[in-house]
Amino acid sequence: MFDAAARHLNFRLAADELHLSQGAVAQQVRRLEADLGHKLFQRHARGLSLTDTGRSYHHPVRQALALIEDATNTLAPAEQKISLSVPPSFASKWLVPRLPEFELAHPRIELRILAEEALSDFRRDGIDLAIRLGPCPIDTDLQSEQLSTLELVAVTHLNVALTLRNSPSLADLSQCTLIQDGHHYWDQILRKAGLAAQKRILQFNQTALAMGAAMNGQGIALVPRIFLGNQALHQVWQAPEMDEIGFHIVWPRKRPLSNAQRTVVEWLLSHSETPP
C-alpha cells in the first residue's frame, strides 16, 4: 500500500489500483509510519508528497517488490492487463491490423486500447503506456522511445493519380483538390514553399477520415507513411522531412516498467517498420 501511494501520490488512486477502500490504504500507511517511527508523506488538500525519508525508503521498497513480481511471473506467468493510449487514426490504421499477431505471440498480455488525442495523465487516467505524435518529449517526468519518424506522403485513388503527370511537383499538386487532417500539414508545407492551394482543401479532424476521402477519389491526402500498410492508395509525392517530429512511446519515469509493459514496448519498436 505504501508503494502504490508513493507512486500515485494519492490514496484514492492507490486504493483503486489495489481494489481497496481509500480509508484502508490511508490507515495502513499511518500504521506503517507509526511502526517505523518516521513520517513518510506530507498530506495536502489535493494529494500527497513524499518526505525525504519516504523518498529514500520507497526506492529500495519498489526494487524489492519488482524482484518479487519478476520472480513470481517467471514461476507462474499470469495474464497481465496493459492500458495503451494512442491517437485514433494510429489505432485504426497501424495498431489494430497488427493486434492479432501480438495476441498470438503474447497470449497472457491483454492490451486495453484507448483511442484519444488528448495527452494522458498517467496518474489520474490509469494509463500504462501512450503513443503520441510530436517532438521528443522534454518533460523530465516522462521516459520515451521513438517509434517512428514522421514521413508524410501524398496519396490518392488510382483514378486521380492517373490524371497527374509523372513525379508531380508541389506546385502541380497545389492545383488539385487537397485533403488534410487536424495537423494542417498541407497549409504548413504550401506556406513554407510560398504557394497557395488553388482549389479548396477538404478538412477532417482525423487522419483516418482524410485517408477515407482520398480512397473515395475526393482529392489528395497528406498522411504519415506508416499508416499506409496495405491501403489501396497510390503515393504521388513525398513531403520534405519534418525535423524532430515523430511517433513516441511514452511512460512515467518514476514508474518502472513491468515485464509485460516492457514486452509491449519492445514489440511496438520491433514492428515500427513492418507491414501488418
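Okay, here's what the table says:
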| quantity | calculated |
| --- | --- |
| Candidate set: region 1-60, residues that are aliphatic (A, V, I, L, M), surrounded by 13 or more Cβ atoms within 10 Å (Cβ to Cβ) and assigned to a loop (DSSP other than H, G, I, E, B); chosen: the one modelled with the lowest pLDDT | Leu20 |
| Pair list, Cβ under 6 Å, 6 or more apart: region 8-20 residue free of Cβ contacts under 8 Å to residues at least 12 places away in the same chain, other residue of a type in the set (Val, Ile, Thr) | Ala15/Val25 |
| Residues within region 190-241 that are charged (D, E, K, R) and either crowded, with 17+ Cβ neighbours inside 10 Å or outside any loop (DSSP other than H, G, I, E, B) (or both), tallied | 3 |
| All positions within region 175-192 that are within 31 Å of the chain's Cα centre (by Cα) and of a type in the set (A, V, I, L, M, F, W, C) | Leu178, Ile179, Trp186, Ile189, Leu190 |
| Tally, over region 176-219, of residues that are under 20 Å from Pro87 (Cα atoms) and acidic (Asp, Glu) | 1 |
| Near pairs, Cβ below 8 angstrom, 6+ apart or cross-chain, from region 45-69 (over 14 Å from Asn259 (Cα atoms)) to any residue that is among the basic types (Lys, Arg) | Thr51/Lys39; Thr53/Lys39; Gly54/Lys39; Arg62/Arg7 |
| Any chance Pro256 is crowded, with 16+ Cβ neighbours inside 10 Å and modelled with pLDDT under 90 | yes |
| Residue tally, condition touching a strand residue (DSSP E or B) at 6+ places or on another chain (Cβ under 9 Å) and either within 15 Å of Leu269 (Cα to Cα) or free of Cβ contacts under 8 Å to residues at least 40 places away in the same chain (or both), over region 134-149 | 8 |
| Residues satisfying the stated conditions in region 95-133, i.e. under 18 Å from Val265 (Cβ atoms), within 14 Å of the chain's Cα centre (by Cα) and of a type in the set (A, V, I, L, M) | Leu95, Leu111, Ile113, Leu114, Ile127, Leu129, Ala130, Ile131, Leu133 |
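The values are calculated or read from the model by the stated rules, or taken from the named source; none is laboratory data. Everything numeric in this text was worked out from a predicted model, so none of it was measured. Methodologically, a virtual Cβ is constructed for each residue, glycine included, from the backbone with ideal geometry; neighbour enumeration extends over all protein chains shown.
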